[in-house]
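Chemist: Here it is, the structure in full.
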Amino acid sequence: MEKNKQHYEHLVIGFGKGGKTLAAYLAKHGKQVALIERSEKMYGGGCINIACIPTKSFIVSAENNLPYEKAYEVKNELTAFLRKKNFDNIDKLELATVITGDAAFVSPHEVSVKLHTGNEELLISADRIFINTGSAPFVPSIPGITSSQKVFTSASLMEQSVLLKKLVIIGGGFIGLEFADMYAKFGAEVTLLDHGATFLPKEDKDIADEIFKVLTAKKINIITRASVQKVTDTGNDTVTVQYKNKDGQIIEQEASAVLVATGRKPVTGSLNLEAAGIQTGQRGYVKVDAFLKTNVPHIWAVGDVNGGPQFTYIS
């Protein structure tokens, strides 16, 4: 593999909200910056491609009585438009360079990037480095969950071009609730399995009670204290989720798809943080101080990857 060496004043790893905003700011203020993104389908970050924007697009389409298949087309057109706009906003800046490839630290000041085009690897050194690689769905260790062809994450479920008419959601957090509402609006039958004893336990009880009332009025079946035991594909179009209810009984719920919405994890596995001496916390998130600086003085971590509140506005 051919290796080329390059040097930049500033290097941003990840094209999310924090990374793209920082890269644009630096370039507009006379600073040389490179922005690395591992997927051309993620220019602009998670919010516009696989999270906030596409889910809201689906929900609005459902509320306007669009068929799911048409809503899927509308979502794709919108995300493609925003992805190109975000790429162009950085690419047009004279001092900014967008690089598409897989990044990994080789030393505190050096990052190797395997490009997606050609048999080429860049060795990039930088004075300052900013990690903005975000988070990804966490999939728990439940028998059958990784081998099933009918189990989806929030990102992969939105890539289904046909409505899956009977959905089981594992997880009672905000992502699970948003998809429950969305699929119910499209006419799907939705069952939500929440491991906790209390619905939305971190919210004020009157708010949680009202949300529960609104969702169940849409015939969404919310089951608390449900402990999922196993997931099994039972046919070409069906999957069975086995769970233990609050009374200890084993219940089998058949569905056409399962959404796993059990939290998020940092996207750091391929970054080789150890080579840079970057410390992580118990859950794998990059440890930062009040100024988002890691334990390595010239490296910062921005957005979901540092374990703070996972909101675009925070990033």
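Chemist: Using only Cα atoms, find the angle between the long axis of helix 52-63 and the longest principal axis of the chain, and express it within 0 to 90 degrees, rounded to the nearest 10.
Modeler: 30
Chemist: With an 8 Å Cα cut-off and a minimum separation of 6 or more residues, compute the relative contact order for the chain in percent.
Modeler: Value for the chain: 20 percent.
Chemist: Continuing with the same structure: Taking the 0 to 90 degree range and rounding to the nearest ten, how far is the long axis of helix 17-28 tilted relative to the main principal axis of the chain, both from C-alpha atoms?
Modeler: Approximately 20 degrees, to the nearest ten.
Chemist: Moving on to the next point. Sticking with the crude label model, points 7 Å out along Cα→Cβ, report the distance from residue 283 to residue 94 in nm, one decimal please.
Modeler: Simple spin-label model gives 4.4 nm for this pair.
Chemist: What residues have an amide H closer than 5 Å to that of residue 166, excluding those fewer than 5 places away on the same chain, when H is modeled at 1.01 Å from N in the peptide plane?
Modeler: 189, 256, 257
Chemist: Further question on the same structure: Chymotrypsin sites (Phe, Trp or Tyr not before Pro) within the range 111-170: which are DSSP loop residues with at most 16 other Cβ atoms inside 10 Å?
Modeler: 138
Chemist: Between residue 77 and residue 216, what FRET efficiency comes out of the Förster formula 1/(1 + (r/R0)^6) with R0 = 45 Å and r the beta carbon distance, rounded to 0.05?
Modeler: 0.85
Chemist: Tell me the angle of helix 205-217 to the major Cα principal axis of the chain, expressed in degrees between 0 and 90 and rounded to the nearest ten.
Modeler: Approximately 70 degrees, to the nearest ten.
Chemist: Which whole-percent values make up P(r) of the chain when all C-alpha to C-alpha distances are grouped in 10 Å steps starting at zero?
Modeler: Here the calculated profile for the chain is 6, 24, 29, 23, 14, 4, 0.
Chemist: Counting other Cβ atoms within 10 Å, keep those with at most 16, restrict to DSSP loop, and tell me which chymotrypsin sites (Phe, Trp or Tyr not before Pro) in the range 226-306 are left.
Modeler: 291
Chemist: Additional query: Please list, in order along the range 88-105, the HN-Hα scalar couplings obtained from phi with the Karplus expression 6.51 cos²θ - 1.76 cosθ + 1.60 (θ = phi - 60°), rounded to whole Hz, x for Gly and Pro.
Modeler: Using θ = phi - 60°, the values come out as 5, 4, 8, 4, 6, 6, 4, 9, 10, 10, 9, 10, 9, x, 9, 9, 8, 5 Hz.
Chemist: Just to confirm the filter: which trypsin sites (Lys or Arg not before Pro) across the range 171-206 are DSSP coil and have at most 13 other Cβ within 10 angstrom of their Cβ?
Modeler: Answer by residue number: 202.
Chemist: Neighbour counts of other C-beta atoms within 10 Å: give me 304, 237 arranged from fewest to most.
Modeler: 237, 304
Chemist: How high is the relative contact order of the range 18-132? Use alpha-carbon pairs under 8 Å, at least six apart in sequence, and give a whole percent.
Modeler: 29
Chemist: Separate question: Say each of residue 138 and residue 21 gets a label point 7 Å from the Cα, pointing the same way as Cα to Cβ; how far apart are those two points in nm?
Modeler: 2.5
Chemist: How high is the FRET efficiency between residue 107 and residue 146 when r is their beta carbon distance and R₀ equals 30 Å, given to the nearest 0.05?
Modeler: According to the calculation, E is roughly 0.30.
Chemist: I want to verify a result. In a Gaussian network model of the chain, Cα cutoff 10 Å, which of these has the top mean-square fluctuation: 184, 80, 290?
Modeler: 290
Chemist: Projected area of the range 271-315, taken from the Cα convex hull and averaged over every viewing direction, in nm²?
Modeler: 3.3
Every read-out reported here was derived from the displayed coordinates using simple, explicitly stated rules and does not represent laboratory data. Given the structure is predicted, the values throughout are model-derived calculations rather than measurements. Don't worry about glycine lacking a Cβ; one is built from the backbone with ideal geometry, like all the others, and counts go over all protein chains shown.
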